[in-house]
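Worksheet for the structure shown next.
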Amino acid sequence: MVSGWMIGILIISFIVATGLALVLTPLVKKLAIRIGAIDVPNQRKVHTRIMPRLGGVAIYAAFTAGLLLILPFVPEGTLSAYDRNLISAMLVGGTLIVLLGALDDKFDLSAKLKLLVQIGAACIVVFGFDIKINLLNIPFGSAMQPLGEWLSIPLTIFWIVGVTNAINLIDGLDGLAAGVSGIAVATILVMGIIMGNTTVILLSAVLLGGIIGFLFFNFHPAKIFMGDSGSLFLGFALAMLSMLGFKQITIVSFVTPLLIIGVPLSDTFFAIVRRWVQKKPIFAPDKGHLHHCLQQLGFSHRKTVLIIYGIATFFGTCAIVQSAVSSSGLGNWITFIVICALVFLLQIGAELIGIVDQTRRPVLDLLARIRMKPQTQSRGK
C-alpha cells in the first residue's frame, strides 16, 4: 500500500515536472533554432516544413530538476542504498545519452558512433553502479536461480541498448514517441503503486510529468520535435524503469516489461524482419513502420497517432493484468496463454497492414484455406 505522504509526493512531483517542461520547452525551441538543430523535410519524413528539434533536452531537464527538487523532501530511510544507486545510474547514464542525442540533433552522427556510446552508457549502469538482471525463474517451475555474470551482464546491456533504440525508431509522427512513452511510464507508475515501490513511483511520476509538459508542444501540429535527444533518453529511461523497477526479474515477470513497451519493440522486430526479407541493411531507414502503414491505409496524422496510443494502452493493460495474476498458482499458464494470443494478434495485424511485406500473408492465407475447406465439402455433398 502507498502511504498518504507518498501520494502527496507523487502529485507534487508530477506537477513540478510538468510545470518545468512547460516553461523549458519554448526556451529549448529558441535554442534549437539559434544553433541550427533543425529537422529538414525529405522523401522519408512526414513533415513538410523545417522544424526545431532538441526537445528531449527539455524533457531531460524537467525530469532531472524535478527529481533533485523533490528528493530532499523524501523521508530519510525511505530509499534504500539500491534505490539511490538506481537513481544515480539513471541520472549519469541518462546524461550521457542526452548529450549523445543532442549532438546528433545538431550534427547527424553516424549510427555506429551512437551505438558505441549507448553501449558505453549501459556499461556505466552495469559496471559503475552494479545494476543488472540477477535472477532467473525456469518456466513452469518454482526454483529461483541466480544468473552468472557471463549471462547477466550481456543480457542487461542488450536490454538497455535495444529499448533505447526501439523508442527512437517509432519517433516518426508528431507526439507519437512521447505519447507511447508516456503510456508506458504511466503503466509502470500504476504497477509501482500496486507494488508499493517508492522509487518506481517517484521516478515514473517525475518522468511522466516531463513527457506530458513537452507533449503540449509536440502533439499534432507540433511546434518542436524531441529529436534523438528525446527518443534516446526516453528509451534509456524506460529500459531502466521497466527492467529494474521490479527487483526480482524472472522469465515470467520479464514478460511484463516486454508488454509495457510492446508497441516500440514489436515495431522494431518487424522492421528488422522487413529489412531482412527485402535484403536491406538492418539500420537502413525506410517508410514501412507501423505509423507509415496506417497512414498508407488512409488514416490521418492525428488518427494514426491515436490508434497507436490505443494499441499501447492495450499492451499496458495486459502488462498490469499479467503482473497481477503472475503470483497466482496459474500465473505461468496465464502468461503462456497471453503470449500466444498476443503473438497471434500481432502477426494478423502485421499481415493486414503489410508492415513486413504487402504480398506475403501466410497466416491469413492459411485461415482463408481452412474457412474455404468446409464450404467446399458442403457443396460436394
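Here the calculated FRET efficiency for Ala324 and Gln347, from their Cβ-Cβ distance with R0 = 30 Å, stands at 0.70, rounded to the nearest 0.05.
Taking all protein chains as shown and a probe of 1.4 angstrom, Glu149 keeps an accessible surface of around 120 Å². In this structure, the amide hydrogen of Ile38, modeled 1.01 Å from its nitrogen in the peptide plane, lies closer than 5 angstrom to those of Arg53, counting only residues at least 5 positions away or on a different chain. For Ile157, Ile50, the ranking by accessible surface with the largest value first comes to Ile50, Ile157, using a 1.4 Å probe.
For region 4-371, averaging the sequence separation of C-alpha pairs within contact (under 8 Å, six or more residues apart) and dividing by the residue count gives a relative contact order of 22 percent.
Checking the table Lys114/Lys287; Lys29/Lys114; Lys223/Lys279; Lys132/Lys287; Lys114/Lys280 against a 26 Å threshold on Cα-Cα, which pairs fail? Table pairs above 26 Å Cα-Cα are Lys223/Lys279; Lys132/Lys287.
The residues of region 4-371 expose, per residue, 45 Å² of accessible area to a 1.4 Å probe. Packing, taken as the mean count of other beta carbons within 10 Å per residue, orders the peptides 230-243, 25-38, 194-207 from highest to lowest as 230-243, 194-207, 25-38.
The HN-Hα couplings worked out from phi for region 346-360 by the Karplus form 6.51 cos²θ - 1.76 cosθ + 1.60 (θ = phi - 60°) are 5, 5, 4, x, 4, 6, 5, 9, x, 6, 9, 8, 6, 10, 8 Hz, whole numbers, x standing for Gly and Pro.
Per residue, the convex hull spanned by the alpha carbons of region 4-371 comes to 147 Å³.
The values are calculated or read from the model by the stated rules, or taken from the named source; none is laboratory data. Just so it is clear, the model here is predicted, and its values are computed rather than measured. Backbone-built Cβ (ideal geometry, glycine too); neighbour counts: all protein chains shown. We work out accessible area using only protein heavy atoms, side chains counted, and drop any ligands, DNA or RNA first. Shrake-Rupley method; radii C 1.70, N 1.55, O 1.52, S 1.80 Å.
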